[in-house]
1. Does region 172-193 include one or more residues that are out of contact with any helix residue (DSSP H, G or I) (no Cβ under 7 Å at 6 or more places or on another chain), under 25 Å from ALA52 (Cα atoms) and either touching a residue at least 40 places away in the same chain (Cβ under 8 Å) or open to solvent by 70 Å² or more (accessible area, probe 1.4 Å) (or both)?
2. I'm trying to understand the selection: among the residues of region 4-44, which are exposed (fewer than 10 other Cβ atoms within 10 Å of the Cβ) and part of a loop (DSSP other than H, G, I, E, B)?
3. Does ILE116 satisfy the condition of being without any contact (Cβ under 8 Å) to a residue 60 or more places away in the chain, aliphatic (A, V, I, L, M), open to solvent by less than 30 Å² (accessible area, probe 1.4 Å) and part of a helix (DSSP H, G or I)?
4. Regarding region 143-150, can at least one residue be identified that is within 13 Å of the chain's Cα centre (by Cα), of a type in the set (A, V, I, L, M) and farther than 23 Å from ASP21 by Cα?
5. Kindly check whether there is at least one residue in region 72-79 that is of a type in the set (Asp, Glu), at pLDDT 95 or above and farther than 21 Å from ALA175 by Cα.
6. If the Cβ limit is 6 Å and pairs must be 6+ apart or interchain, which residue in region 38-58 that is within 13 Å of PRO79 (Cα to Cα) pairs with which residue that is β-branched (Val, Ile, Thr)?
7. Among the residues of region 120-158, how many are of a type in the set (A, V, I, L, M, F, W, C), open to solvent by 10 Å² or more (accessible area, probe 1.4 Å) and in a strand (DSSP E or B)?
Amino acid sequence: EIMRPYLAPDAKLHLVLNAADVGKSDPVDVATNQSLLFVGKLDPQKDPVRLAQAARTVDMPVTFVGGGPLRRDVEAANPGARITGWVTPVEVQAEQRRARALVMTSRWYEAAPLVIFDALAAGLPVVVPDTCAGREFVADGETGFIYRTSEKGHLEQCLERLKDSAIATKLGAEAYRRFWQDPPTMGKHIAGILRVYEEMLSAKQ
């Protein structure tokens, strides 16, 4: 949808998903967790301040895994926010297991954030903005929420719903089930690339 206006009218598009290199473990027990989770650089395009403000408004704890130029802005927007700085992949997984849900607040388009795959694989509900291509991997109201950026307060409404343990548990369980029903493996990624090559070579003959 984003690229089409910049391509020739007869351009053929091919979709090849990224591979998610994640190991299967027991799903996160989201009902016992309270904290929202943000994973990524604290910079303007990812807009961590938006989540810091929203979490404060709905009175939910929030953890930011990562660092960047907006760290002080995040702290100012939500003095109670926990910021870990950059940590190892193992530590990121540990933060996932302490989270209620993963939340993305990106202002810019992101093609297929791997952090979403990591969260779904762990059984975490995922909340994304409707301006992020990551919405393709979230079933609204089933594995997480897609909030409308044009609607003031809609992110907060989604976070409020996550306070209900029954809702959070249901979303997390469905996220886990769907991810592992058809995980985006490296084998599928390679097969997808080979299909594209074969189609292109066939068209040249």
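The values are calculated or read from the model by the stated rules, or taken from the named source; none is laboratory data. Values in this document were obtained by computation on a predicted structure and should not be read as measured data. With ideal geometry, Cβ positions are generated from the backbone for all residues, glycine too; neighbour counts draw on all protein chains shown. The area values use the complete protein model at the heavy-atom level, side chains included, leaving out ligands, DNA and RNA. Shrake-Rupley method; radii C 1.70, N 1.55, O 1.52, S 1.80 Å.
1. No, region 172-193 has no match at all.
2. Matches in region 4-44: ALA8, PRO9, ASP10, ALA11, LEU13, LEU15, GLY23, ASP26.
3. For ILE116, the condition - without any contact (Cβ under 8 Å) to a residue 60 or more places away in the chain, aliphatic (A, V, I, L, M), open to solvent by less than 30 Å² (accessible area, probe 1.4 Å) and part of a helix (DSSP H, G or I) - is met.
4. Yes.
5. yes
6. Correct list of pairs: VAL49/VAL74; LEU51/VAL103; LEU51/THR105; ALA52/VAL74; ALA55/VAL62.
7. The total comes to 1.
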